[in-house]
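Written out below as structure tokens is the structure these notes cover.
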Amino acid sequence: MKLSDVQKRLQAPFPAHMVAWKPAAFNKERTRALMLAHIDARAVQDRLDAVCPDAWEFSVEVVPGTRQPTVKGRLTILGVSREDIGEAPEGDLGTLKAATSDAMKRCAVQFGIGRYLYDLPRQWADWDDTQRGPAQPPELPEWARPDHERSPGGAHLVQAMEQLRYELPEDLDLQREVYKHLKAALGSLHPGQPGRAA
């Protein structure tokens, strides 16, 4: 397997619930914020594990003499390596761990993982300064969503599948209930083909 064989899968949009938003700028009154979409390092790791679980590695080297913790990261996928610098934010979050996460995300972007988020249109949102977050997170456009979220029922199906990854109910009646909901969600993705869920 070569990198070109898995490029499309690496670059595919992430489920909407894995995309977070952070403020890049505020208006003078701090009632509106320019929001930037981002993913965390765990999402990158999950993508790499899903696409090429035994064929990637990541290493860091601390960059000495910097004001904030800084590392040089190196991500290798199927024998191809990319390097980038990761910096920790100011304040309490300024740790080597934060710098390492930043480096991993930056290296991943060089492989196209999450790069589409840089192409999103500028989105301003009402800002709740007491909650330190947007009053309502921005919506991702259709093109920035995975295929299964572009049709009715897709987002619900993804959430149900994510939940099942961590906890499958032991009670048989609950398992039947979960199956019923998954079958209904799959049916909405493929109308007229109820057998696909079986």
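The values are calculated or read from the model by the stated rules, or taken from the named source; none is laboratory data. These figures come from a predicted structure and were not determined experimentally. So basically every Cβ, Gly included, is an ideal-geometry build from the backbone, and we count neighbours across all protein chains shown. Keep in mind that these areas ignore ligands, DNA and RNA; they rest on the heavy atoms of the full protein, side chains included. Shrake-Rupley method; radii C 1.70, N 1.55, O 1.52, S 1.80 Å.
Restricting region 70-92 to residues that are in contact (Cβ under 8 Å) with a residue 40 or more places away in the chain and part of a loop (DSSP other than H, G, I, E, B), the residue that is least open to solvent (accessible area, probe 1.4 Å) is LEU78. Filter region 35-54 down to the residues that are part of a loop (DSSP other than H, G, I, E, B) and open to solvent by less than 50 Å² (accessible area, probe 1.4 Å), then identify the one that is nearest to ALA98 (Cα to Cα). Top of the filtered list is ILE39. Looking only at region 124-145, residues that are part of a helix (DSSP H, G or I) and in contact with a helix residue (DSSP H, G or I) (Cβ under 7 Å, 6 or more places away or on another chain) come to 1 in all.
Screening the candidates ARG67, ARG32 for the property of being within 25 Å of ARG122 (Cα to Cα), at pLDDT below 95 and open to solvent by 60 Å² or more (accessible area, probe 1.4 Å) yields one hit, ARG32. Of the residues making up region 98-146, just one is at positive phi and buried (at least 17 other Cβ atoms within 10 Å of the Cβ), namely GLY114.
Within region 50-73, the set of residues being closer than 30 Å to PRO134 by Cβ and under 21 Å from the mean Cα position of the chain (by Cα) comprises ALA50, GLY73. In the set GLY133, GLY112, only one residue is small (Gly, Ala, Ser), under 30 Å from VAL80 (Cβ atoms) and modelled with pLDDT of 70 or more; that residue is GLY112. Could you please let me know if LEU157 is at pLDDT below 75, surrounded by fewer than 16 Cβ atoms within 10 Å (Cβ to Cβ) and touching a helix residue (DSSP H, G or I) at 6+ places or on another chain (Cβ under 8 Å)? No: the conditions fail for LEU157. Taken as a whole, the condition of being open to solvent by less than 40 Å² (accessible area, probe 1.4 Å) and either among the hydrophobic types (A, V, I, L, M, F, W, C) or touching a His at 6+ places or on another chain (Cβ under 9 Å) (or both) does not apply to ALA24.
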